[in-house]
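In what follows, a single structure is set out as structure tokens and then discussed.
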């Protein structure tokens, strides 16, 4: 057969040159007309802020709520002047400290989002060109008589960019699962694991113990989260509470610290966990340290185990994270997730019940812990999923 690769066409191009150009084009990724601007490394800070209880003698005190908002604003301004962080993460319930004792107290202290409190914090976020994550107790007009534990991110525009409502753990709050059908009808499935695409990366939210469930952080990663903020309010666990293990050198390690490092490692996300500052006039207490963990599961900074006022600050490098996520290597576990082989198991699994409090709001923790979760555990034992102890 004759070799016509050197025969030129009307434009003076040989077949060999056309083939070479075509192969090169096929092997070269198509570049966007205007490639995205790289995100320069920046500082982020977990802020242990002083708060005052908003419930006194069983009565909600609006002045105390205002004082806590004032404290958050002062802390952001201080951080802007002394640290220059672009992201500030506040602890769990720092706006409404002490309001979680009863459903009635929590409902009284709950705020609307957006509302006056987030608007005030939004103005300082706008003035300092910063992102602010905080975890208020929220009331939603569509669901009267209920309160939700929410984590919001407020951007430099002053707007609430994302609002996540807590899914897991016991308490007097309502979770989306408790009213799932109504929730989905009102907000849709995208509201369950929302992620904000921002100039400093994609931010997802959790509340405290949420991080103990691998599905929680994985679902945020599925939606593109690169940073997960984790406001919390954890005391330092006593050794006999089952929260600590010992390494080969008998150094006690808190399991809750281990968990957040694993979640960061397995999902290639940054996790920023902010814990409580001091409350009222009481002296600082022992708490689980605030910490910033990188996408390899390495603690970039760990605060002391004390609830004093401080900024726990580290550098966030989103471009490095994105390179790790788009590099085929053993450490890139996220890219290797095999959804299809796990789907069948999740589809047939029946664990926590949905819509259990659709008609009547939760009244107390025991109602949820005993009446609901014990019944679910009993059902799992009956179906042979769990094996009860012999005694």
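The values are calculated or read from the model by the stated rules, or taken from the named source; none is laboratory data. Predicted model only: the values in this text are computed from it and were never measured. All Cβ positions, glycine included, derive from the backbone under ideal geometry; neighbour counts span all protein chains shown.
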I'm trying to understand the selection: among the residues of segment 302-319, which are under 13 Å from residue 41 (Cβ atoms) and loosely packed, with under 15 Cβ neighbours inside 10 Å? 315, 319
Considering only segment 198-212, I want to know if a residue exists there that is surrounded by fewer than 19 Cβ atoms within 10 Å (Cβ to Cβ) and within 26 Å of residue 359 (Cβ to Cβ). no
Of the residues 310, 350, which is touching a residue at least 12 places away in the same chain (Cβ under 8 Å) and under 24 Å from the mean Cα position of the chain (by Cα)? 310
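For (1) modelled with pLDDT under 50; (2) part of a loop (DSSP other than H, G, I, E, B); (3) under 26 Å from residue 110 (Cβ atoms), each residue gets a yes or a no:
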site: 1; (1), (2), (3): yes, yes, no
site: 5; (1), (2), (3): yes, yes, no
site: 24; (1), (2), (3): yes, no, no
site: 35; (1), (2), (3): no, yes, no
site: 40; (1), (2), (3): no, yes, no
site: 70; (1), (2), (3): no, no, yes
Of (1) in contact (Cβ under 8 Å) with a residue 40 or more places away in the chain; (2) under 17 Å from the mean Cα position of the chain (by Cα); (3) buried (at least 18 other Cβ atoms within 10 Å of the Cβ), residue 293 satisfies every one except (1)
Would you mind telling me which numbered condition in (1) modelled with pLDDT of 95 or more; (2) in a helix (DSSP H, G or I); (3) surrounded by 14 or more Cβ atoms within 10 Å (Cβ to Cβ) residue 17 fails? (1)
Would it be correct to say that residue 140 is at pLDDT 95 or above and part of a helix (DSSP H, G or I)? no
Members of segment 180-197 that are buried (at least 20 other Cβ atoms within 10 Å of the Cβ), in contact with a helix residue (DSSP H, G or I) (Cβ under 9 Å, 6 or more places away or on another chain) and outside any loop (DSSP other than H, G, I, E, B): 183, 195
Report the residue count in segment 69-111 for those that are surrounded by fewer than 22 Cβ atoms within 10 Å (Cβ to Cβ), touching a strand residue (DSSP E or B) at 6+ places or on another chain (Cβ under 7 Å) and without any contact (Cβ under 8 Å) to a residue 40 or more places away in the chain. 1
